[in-house]
1. Using only DSSP helix segments of four residues or longer, with each worth -39500 (n - 2.57), what per-residue ellipticity at 222 nm results for the chain after dividing by its residue count and rounding to 500?
2. Roughly what % of DSSP beta bridges within segment 5-152 run antiparallel, to the nearest 5?
3. Provide, for the chain, the number of lysine pairs with alpha carbons under 16 Å apart, each pair being eight or more places apart or on different chains.
4. How many angstrom lie between the Cα centre of segment 1-42 and the Cα centre of segment 125-185?
5. Under 5 Å between amide H atoms, partner at least 5 residues away or on a different chain: which partners does Phe74 have, H built in plane at 1.01 Å?
6. Sort 100-108, 132-140, 79-87, 156-164 by the packing proxy (mean of other Cβ within 10 Å over each peptide's residues), most packed first.
Amino acid sequence: MNDFPIVCVGGSAGGLDAYIRLLQNLPANLGVAIVIVNHITEMPTMLHEVLPRFTSMPVELITENLLIKPNCVFIIPANRDLHVTDGQFHLKPISKPRGWPDVITVFLRSLTKHWDGKLIAVIVSGYDGDGADALCGIKEVGGITIAQKLDTAIQPDMPESAIASGCIDFVLSPENIAEKLACVARNEVL
C-alpha cells in the first residue's frame, strides 16, 4: 500500500547543513518516507555515508526498483532523474544534462501522479530554483509545501524561488520543519 506520507527534501548548495539539522530533530518512527533529492550532477553523492550519523533511521542510496518504505531516508544518486511507480523508485538518465538540473521538479511531478499517500515537499538551501515549478501541483493534490527560512539557509536561492511560486504553506527553520513534519505525520491539526 502506498498510503503513507512521502517527504521530498530538495536541496543543493548548503543543503547538507539543512539535512543534518532536519534529521537530528526528526523522530525515527513517524511512518513517513524521507527522500532527499540533492541536485548533484558532477560527482557521486556521499550523503548515504554521512547522514546515518544524524538519524537512527536507515539511510539508503536509491537503486532501480527499490521499494519505498516508511521510517527510512532515501538518497537520490547523482546525475539521475527519479520517478516513482507501483511503490518503487525508478531511475532515468537526467533529462536536463546542461545548466541547472531540475531533478527535484521531476520527482515532485512523478509523486503527484503516482503516489496515493500524503505528499510533503520541503525546499532547503541551494542555488537556482529547482522544485519551485512543481509546488503548486503538490498543493493541487492536497499536499503540503515548506520552504527553509531564508536566514537559516546557507544558500537561499532555492527556498526563495519556492516562496516566489506563491505555493508555499510554511517557511521554517530546519528544526521547525522537523516539528511540522511530526505534526503532519501524526495527523495533528496544523
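1. On the way: 6 runs with 52 residues, N = 190.
-7500 deg cm²/dmol, from helical runs alone.
2. 25
3. Within the chain, the lysine pair count is 5.
4. Each part's Cα centre sits 12 Å from the other's.
5. Amide H neighbours of Phe74, under 5 Å, 5+ apart: Ile34, Val35, Ile36, Glu60.
6. Per-residue Cβ counts within 10 Å, averaged per peptide and sorted highest first, yield 100-108, 156-164, 132-140, 79-87.
Each reported figure results from applying straightforward, stated rules to the coordinates on display, with no laboratory input. Since this is a predicted model, take the numbers as computed values, not measurements. All Cβ positions, even for glycine, are placed from backbone atoms using ideal geometry, and neighbour counts span all protein chains on display.
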